[in-house]
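The values are calculated or read from the model by the stated rules, or taken from the named source; none is laboratory data. Just so you know, these numbers come straight off a predicted model, no measurement behind them. Cβ sites come from the backbone with ideal geometry, for glycine too, and all protein chains shown count toward neighbours. Areas reflect the complete protein model, heavy atoms only, side chains present, ligands, DNA and RNA absent. Shrake-Rupley method; radii C 1.70, N 1.55, O 1.52, S 1.80 Å.
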Amino acid sequence: PGRLYRGASMHRLEVDHLESVAPLGIRTAIDLRSTEEVGRGTFAGSAAQVRHLPIFEIGPSFSEPIDDIARTLADAYLWMLNEGAGSIRTALDVLGEPRDLPAVVYCAAGKDRTGVVVAVVLRLLGVEREVVAADYALSDEPAAALRAWHLDNGTSPDKLAAAGIFRAPTAAMDLFLDSVDAEFGSLDGYLESIGVDLAATRERLADALLSSS
């Protein structure tokens, strides 16, 4: 708490919003959105250093209504692990540096790309799976509000046909973590496969995010 935040669409913050965020003292903003998205604006008007670490440049397409929301999201998150391996590795390095904290990790909805990265961090720190899933599920209501905002601001309903992507059910994170185990043996197995030094990374993250100093 107070060192790592999970956010959505930080580039849309207006002056009064920025004033409310200022007391958090955020030093680093990790923007996981694509280059095209960042071109339309990023976290500005603060003293935070923005690190652009895109998880993907072209994301999966959800143009049809989704029957199994949790499974669809979990499969997309597993794909993100492979697509965004370099950005995930760099994000872990950044978050292990105390001088760069507090930090906020964000994307558009704050639950998909951001949810994957934050889940990796929390699991590396030994946070129980059910706690990780519960944190992720906090985005369910805000994601629905984001869909409503898009509709109110002229986004075509056809583009939002896959309404399930504006959800964050606990089951999606549970299925994602199960899929990681099935695909890589464990989260540790995945991280080792992308070149993460597990022992050193765990120690740095713990020192930066958990220490009392």
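Structure above, values below:
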read-out	value
Backbone N under 19 Å from the ILE66 label point (7 Å along Cα→Cβ), restricted to the range 22-37	32-34
With every protein chain in place, the range 1-83: carbon and sulfur % of accessible area (1.4 Å)	52 percent
Positive dipole terminus of the chain, leading residue within TYR77, ALA91, GLY189 (C-beta point charges)	ALA91
For q = 0.23 Å⁻¹, Debye-computed log10 I/I(0) when each Cα of the range 103-213 counts as one equal scatterer	-1.28
For the chain: accessible area per residue (Å², 1.4 Å)	49 Å²
Amide proton proximity set for VAL50, modelled H, under 5 Å, gap of 5+	ALA29
Relative contact order computed over the range 2-144 (Cα-Cα under 8 Å; 6+ residues apart), in percent	35 percent
Gap separating the Cα centres of the range 190-213 and the range 54-95, nearest whole Å	21 Å
Calculated P(r) tail over 20 Å for the chain, as whole % of Cα pairs	58 percent
The chain: calculated mean residue ellipticity at 222 nm from DSSP helix runs of at least 4, using -39500 (n - 2.57)	-14500 deg cm²/dmol
